[in-house]
1. Here are several values of semi-axes √(5λ) of the Cα gyration tensor in Å: (i) 28, 17, 12; (ii) 21, 16, 15; (iii) 32, 15, 10. Which one was derived from the coordinates shown?
2. Add -39500 (n - 2.57) for each DSSP H run of 4 or more in the chain, then divide by its residues: what number comes out at 222 nm, to the nearest 500 deg cm²/dmol?
3. If we count trypsin sites (Lys or Arg not before Pro) as exposed when they sit in a DSSP loop and have at most 15 other beta carbons within 10 Å, what is the longest stretch of the chain that avoids them all?
4. Could you order peptides 98-109, 47-58 by the average number of other Cβ atoms within 10 Å of their residues, highest first?
5. What number in nm² do you get for the range 72-128 if you take the convex hull of its Cα atoms and divide its surface by four?
6. Which angle between 0 and 90 degrees, to the nearest 10, do you get for helix 101-122 versus the longest principal axis of the chain when only C-alpha atoms count?
7. Please report the net charge: other residues with Cβ closer than 13 Å to the Cβ of ALA16, K and R +1, D and E -1.
8. Taking the Cα atoms only, what angle lies between the long axis of helix 2-26 and the longest principal axis of the chain, rounded to 10 degrees?
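We did not get these values from a lab; they are worked out from the coordinates using the rules stated. Since the structure is predicted, the reported quantities are computational estimates derived from the model, not experimental observations. Neighbour counts are summed over all protein chains in view; Cβ atoms, including those assigned to glycine, are modelled from backbone coordinates with ideal geometry.
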Amino acid sequence: MTRFWLIAGALNMLLALIVAAAVGHRLEGEFVPVIRAVFDTAREMHFAHALALIAVGILSAQFGRRLLLDLAGAAFLAGIIFFCGGIYAAFGPNAAGVKPLIPVGGASLMLGWALFAAAALFLKRQPN
């Protein structure tokens, strides 16, 4: 799973960068400031939690695979998909269908940090 979390984090960093570039170059119209603010929130959360996935991978490599770390990574990934992805998709043709997923994603991100903290509390270095 160590490699999975590192790859998931790196790919999410790439995706967040692509979204940031696309939004920065393609938004136009009278609602641009409002839409940009919403997208900026999603993008910032996307970047921060992609780094959290990388941190899960690094800690897994350093301390060995731990259930709480894997659960934290899963919560971060679900949060990115539902919160960030939900906000990105909320401006698309299926907006009504994805909007209920946004708070689920936000709660998942919060759960990820609680699990990460719990995992850190119980980490012990493996003997060499």
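1. Calculated semi-axes √(5λ) of the Cα gyration tensor in Å: the matching label is (iii).
2. Calculated at 222 nm, the ellipticity per residue is -26500 deg cm²/dmol.
3. 1-64
4. 47-58, 98-109
5. Averaged projected hull area, Cα only: 4.4 nm².
6. 20
7. Taking every Cβ under 13 Å from that of ALA16, the sum is -1.
8. 20
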